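Q: Here it is: the structure, laid out below.
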Amino acid sequence: MNSPILKLRISILLALGLLLGSVTKLHSQPIEINRFDIPFLLGVNDFDETGGDNFVFSKSNSLELRVTIFSMDSLGNQLWRYTSPDSSYSHGIVATPSGTIGLISPITGSQPQVLKLIKLNANGALIDTVALMESSWGYPEGTIKKTVDGNLIVFRQFYESVGDTSLRHIYWAKVSPELDIIWEHTMIDTGRVCTDFVERPGGGFTILSQDSILLTNSDGEIIQSYPHSTTLHYSNPALKPGWVKIERASDAGYFIAGGYSIEQFPGGYTTVTNVLQKVDSIGTTEWTFGVDTGLNRGPNLSLVNNHLLYFVGDILYSFGNDSVPEWEFETELEFSLGHSINQNRYAIVGLNRNTDSLDVQSQMVIYQLPDYTNTTHETIVLPTEIQLLPAYPNPFNPSTTIRYELPQTESVNVSIYNVQGRLISELTNQVQSAGRYAIQWSGKDNSGRHIPSGIYLCKLATPNYSQTKKLILLK
């Protein structure tokens, strides 16, 4: 039975404190177009669309300690099923044209844990495996995602015990659908809890940690980091670190979502304040939205036609340019996960709490999303010309933010020079998509040394354009 507390849905705008308010802009709602039962009650931790309205699912069986991967069609018929022969934990799954790939960790007691990819053919038969790394036990929520170029990224944080100290490492790798390793990195003793990543347009990735966003190049090497001001939980056992997620925004910023606080009530009822924050490209918070839910799965983020879909608890929200939801939709599925799929649809797997009998059934529900192109939503206007905007603050000490706009994809270089024309610091040199960008410069040269007070020049350059602005550093 559900407590009224679990039914409470409070929209919260967090600025300096928790301010209550609930407004939606539009009345367009998703429309349910399909629903079918899943033959396992609990444990489905990921799914993907394989084409032709078929899906693959992965789950960890907590009783048998086995990974199960299975495929179903849109009528609810099970097409095939694979069960790991050894005790294993499932981290995720992706469907590729050449087969289904699962990320698992065989459970070997006190022995080092191997992170492994397994590949199944169209009939669910095992056709290939590759061991990626060995580690002590890390966070259960490893991640596998597809990249724009059709390859895969595997990401996982793990621990190493050294005396009384627990070191935090990150392993991640880019792998082809044929399970060939393109590159791999182990980032030793990051000192951070790192939970998720997102691919940036034009190449490179952004890793989300507890206090920073870490930018990498297309080969997975960290090239820059910015502190962010989010206050989401990364260590509370009830608010699992893997439940803190990141998604890119259409303006070169990011959406970050996770648990903010947890509260227990008499009788065992629990509420969690889940928070969604929009930050700019250097981690500065622009707005915050919160919602109270029961203790459920963590949030899911999807970007569809420049609109963010935020699924948390059992409610799906759509956001445009600000913290006011365009619409919110109650799915009535608990302990659920969801993400966007092809043809402007959204799929959710969870427990149906509105069945007529006393039984609780695990189900997949598919919704048709509103047609964003035919509604009166606010639209994100891209810049019409390239320009370097005035830095702020200027004069500055110790740092200033440099902003610029791109009307189209460009190879961009932003650098700092002294008045004699000598290069002081190269801030960025990469291909970037159309949008608005911000870079924070802390008054250091390329060697990381603080430079003296004086006048400096910031230059934005593309193959066909350049512009310079004066900066004044005062100490």
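Q: Which of the residues spanning the stretch 306-322 are more than 18 Å from the chain's Cα centre (by Cα) and either closer than 23 Å to residue 285 by Cα or small (Gly, Ala, Ser) (or both)?
A: 321, 322
Listed here are the residues, each with its yes/no results for (1) surrounded by 15 or more Cβ atoms within 10 Å (Cβ to Cβ); (2) more than 27 Å from residue 370 (Cα to Cα); (3) at pLDDT below 85; (4) of a type in the set (A, V, I, L, M, F, W, C).
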{"site": "3", "(1), (2), (3), (4)": "no, yes, yes, no"}
{"site": "8", "(1), (2), (3), (4)": "no, no, yes, yes"}
{"site": "21", "(1), (2), (3), (4)": "no, no, yes, no"}
{"site": "26", "(1), (2), (3), (4)": "yes, no, yes, yes"}
{"site": "30", "(1), (2), (3), (4)": "yes, no, no, no"}
{"site": "51", "(1), (2), (3), (4)": "no, no, yes, no"}
{"site": "56", "(1), (2), (3), (4)": "yes, no, no, yes"}
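Q: Please count how many residues of the stretch 242-296 are among the aromatic types (Phe, Trp, Tyr), outside any strand (DSSP E or B) and modelled with pLDDT of 85 or more. Reasoning before the result, please.
A: Keep residues of the stretch 242-296 that are among the aromatic types (Phe, Trp, Tyr), which gives 243, 254-255, 260, 265, 269, 287, 289.
Subsequent filtering for residues that are outside any strand (DSSP E or B) retains 243, 265, 269.
Now narrow it down to the ones that are modelled with pLDDT of 85 or more: none.
Here the count works out to 0.
Q: Looking for something crowded, with 20+ Cβ neighbours inside 10 Å, in a strand (DSSP E or B) and modelled with pLDDT under 75 - is there at least one such residue anywhere in the stretch 218-231?
A: no
Q: List the strands (runs of 3 or more DSSP E) inside the stretch 385-448, counting only whole elements, that have at least 3 residues being of a type in the set (Phe, Trp, Tyr), surrounded by fewer than 17 Cβ atoms within 10 Å (Cβ to Cβ) and not assigned by the TED database to the domain that holds residue 228. Give the steps one after another, and end with the answer.
A: Working: elements: 400-406, 410-418, 423-432, 435-441.
So the answer is none; nothing clears 3.
Q: Which residue is nearest to residue 184 (Cα to Cα), if the candidates are limited to the stretch 124-144 and must be modelled with pLDDT of 95 or more and surrounded by fewer than 16 Cβ atoms within 10 Å (Cβ to Cβ)?
A: Among residues in the stretch 124-144 that are modelled with pLDDT of 95 or more and surrounded by fewer than 16 Cβ atoms within 10 Å (Cβ to Cβ), the one nearest to residue 184 (Cα to Cα) is 129.
Q: Answer with yes or no whether residue 206 is at pLDDT 90 or above, part of a strand (DSSP E or B) and assigned by the TED database to the domain that holds residue 298.
A: Judged against the criteria, residue 206 is a match.
The values are calculated or read from the model by the stated rules, or taken from the named source; none is laboratory data. Note that the structure is predicted; figures quoted are calculated from it, not measured. Ideal geometry is used to build each Cβ from the backbone, glycine not excepted, and the neighbour counts take in all protein chains shown.
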